[in-house]
1. Take the alpha-carbon centre of segment 244-293, take the same for segment 166-218, and report the distance between them in whole Å.
2. Using alpha carbons only, how many angstrom separate the centre of segment 29-74 from the centre of segment 299-322?
3. Equivalent ellipsoid semi-axes for the chain, as square roots of 5 times the alpha carbon gyration tensor eigenvalues: give them largest first, rounded to whole Å.
4. Would you calculate, for the chain, the mean residue ellipticity at 222 nm contributed by helices, counting each DSSP H stretch of 4 or more residues as -39,500 (n - 2.57) and dividing by all residues, to the nearest 500?
5. For Cα pairs less than 8 Å apart in space and 6+ apart in sequence, what is the mean separation divided by the residue count of the chain, i.e. the relative contact order in percent?
6. Treating only the Cβ atoms of Lys and Arg (+1) and Asp and Glu (-1) as charged, compute the dipole magnitude of segment 172-314 about its Cα centre; round to the nearest 20 debye.
7. What are the ³J(HN,Hα) values, in whole Hz, obtained from phi via the Karplus relation 6.51 cos²θ - 1.76 cosθ + 1.60 with θ = phi - 60°, for each residue of segment 34-41 in sequence order, with x given for Gly and Pro?
8. Using +1 at the Cβ of each Lys and Arg and -1 at the Cβ of each Asp and Glu in segment 214-266, identify which of Pro245, Leu229, Ala261 lies farthest towards the dipole's positive end.
Amino acid sequence: MSAETAEAAVAPGGQAALDRELVERYGSPLYVYDLDRVERARADLRAALPDGFTLYYSLKANPHPGLVRALREGPGGCRAEVCSTGELASALEAGHPADTILYSGPGKTAVEMAAALTAGVRTFSVESPGDLRRLGAEAVRHGTVARVLLRVNSAAAAATTSIRMTGTPSQFGIDAETLPGLLPALLEVPGTEVVGAHFFPLSNSKDEESLTAEFTATVEQAAALEHDLGLPLSVLDIGGGFAAPYSVPGERPHYPNLRAALEKALDTRLPRWRTDGLEIACESGRHLVGDSGRLLTRVTNVKESRGRTFAVLDAGINTLGGMAGLGRLLPLSVDPAGHRTGEAVQVSLAGPLCTPGDLLSRSVRMPAPRPGDVLAVPNTGAYGPTASLLLFLGRPAPAELLLRGGEVVSASRLVSSRTEVA
Ligand SMILES: Cc1ncc(COP(=O)(O)O)c(C=O)c1O
């Protein structure tokens, strides 16, 4: 399905009735996250990974504390990977002990590092020599030693698909080819102890073969860094890349052969992973939460303009997919959450903001819209409100519901407010 010609399906009656009820009760736009689906995704991902792996949930996908808590609790619970003090606050609110949290990101400031250290965070992914020195200085000031994973920007890419984050010039990680020269000094930075390596070469890889090739290359590279350069390796975070559909219908991909392939790669190159002294970690955001969410939005106005039908919605790029405002339209699809069928027509879905960039989809096929219609955008549990232009034009954030067993267990809304700074 292309961005230009998304297809709209009519929601089954039961779901449509529930959507309308929720919108009537809680207003719109409205995000609805199903915690049972979140737990299913976690169980499936756990089953695709070898036993004993640490699994980090990357809060950037959705930092809702209730959802973070659900991922922490119960069998196969996840730890938290955060990259801001806001995400750290959510992780702590969700009950994560600070000393189990991984703090990452290419732009950590000294102020953030100090806040994280004060909160009790001790493990950081470090993206450059400057990042490491700043962290060391803050740790010394706090009278502690920070455990460091050096994030490595591999020289070459194994996988060919998906969103790539390494193998090219990048703000992420330390270029692998510079490590022979840099490592001796990196191991001596006061206030830090390098305990391992962090890789995150790609995101959203549907293709199991590609993902497996990338993980295998990562394991080989980590083993070589340990063997050839003496990189301390008691923790190896091999990253993620597990995919999920985003704002279109579809299923989470499964990775039925990954577990055996990872075990083989580790047994070959780092066999001590089975016994002791080497913790292997993975990270996932979208795969764990993406299919748990639906965005419900109401049509506020319908108009014709020069032969095109526009449905103006109460959700725009301030609610979903802020990147759409940069001209990267989502391949969005909607379920008209009503019982009307009728002949499908081409409709442009515009948001409520005063910018031509506020277009969620140029052309969706759907029954002719009417003001008041409720539309549902599927698979929006990841990269929803907090990945959107929430504050732009000052509209309230969408409400967010958590469901368990079909019942609403939490209803909330993010608020922003202005505060004086000294
Ligand atoms: C270091 C790191 N970890 C985890 C993630 C989460 O990615 P995803 O939501 O695709 O699992 C990202 C995404 O950019 C990332 O950069």
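Read the figures in this text as sums done on the coordinates, not as results from a lab. The structure presented is a predicted model; accordingly, all values stated were derived computationally and were not measured. For neighbour counting, all protein chains shown are included, and Cβ atoms are generated from backbone atoms with ideal geometry for every residue, glycine included.
1. Measuring centre to centre over Cα atoms gives 17 Å.
2. Cα centroid to Cα centroid, the span is 32 Å.
3. They are 41, 23, 20 Å, listed from largest to smallest.
4. Values: 10 runs with 114 residues, N = 422.
Mean residue ellipticity at 222 nm (helix-derived): -8500 deg cm²/dmol.
5. With pairs under 8 Å counted, the relative contact order is 23 percent.
6. Numbers: 13 positive and 21 negative charges, 214 e Å.
Dipole of segment 172-314, to the nearest 20 debye: 1040 debye.
7. So the J values, rounded to whole Hz, are 9, 5, 5, 5, 4, 5, 5, 5.
8. Pro245
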